[in-house]
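J.: Sharing a structure here in structure tokens format.
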């Protein structure tokens, strides 16, 4: 049986992640408080950020930016889309 969490993003009890999806304290907080469904939403948002800002995730400053946005997305009221973002 999969574990469930009270998802901070979706506001109800949902299936949780199998393991921390990110290293360190932030990854542990996500593991304890974020559902699989919410994590999938983040992955889509992260992909949009990478594409729109032309980020290179192996670059330390780009990785730090994505980590800050991940923190905002789950725990600080959300991560904004770029002002010039126009979904197809």
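The values are calculated or read from the model by the stated rules, or taken from the named source; none is laboratory data. On a predicted model such as this, the values are computed, not experimentally measured, just so you know. Don't worry about glycine lacking a Cβ; one is built from the backbone with ideal geometry, like all the others, and counts go over all protein chains shown.
J.: Could you say whether any residue in region 11-20 is out of contact with any strand residue (DSSP E or B) (no Cβ under 8 Å at 6 or more places or on another chain), modelled with pLDDT of 95 or more and crowded, with 17+ Cβ neighbours inside 10 Å?
T.: So far as region 11-20 goes, no, none of its residues is out of contact with any strand residue (DSSP E or B) (no Cβ under 8 Å at 6 or more places or on another chain), modelled with pLDDT of 95 or more and crowded, with 17+ Cβ neighbours inside 10 Å.
J.: Let me ask you something else. Any chance region 37-50 includes a residue that's in contact with a strand residue (DSSP E or B) (Cβ under 9 Å, 6 or more places away or on another chain), within 28 Å of residue 15 (Cα to Cα) and surrounded by fewer than 17 Cβ atoms within 10 Å (Cβ to Cβ)?
T.: Yes, the conditions are met somewhere in region 37-50.
J.: Then there is this: Name the single residue that is surrounded by the fewest Cβ atoms within 10 Å (Cβ to Cβ) among those in region 51-60 being assigned to a helix (DSSP H, G or I) and under 17 Å from the mean Cα position of the chain (by Cα).
T.: Filtering first and then ranking leaves 51.
J.: Still on this model: Can you tell me which condition residue 14 does not meet? The list is (1) on the phi > 0 side of the Ramachandran plot; (2) part of a strand (DSSP E or B), and all the others hold.
T.: (1)
J.: Name the one entry in 40, 6 that is more than 16 Å from residue 76 (Cβ to Cβ) and under 12 Å from the mean Cα position of the chain (by Cα).
T.: Unique residue meeting the criteria: 40.
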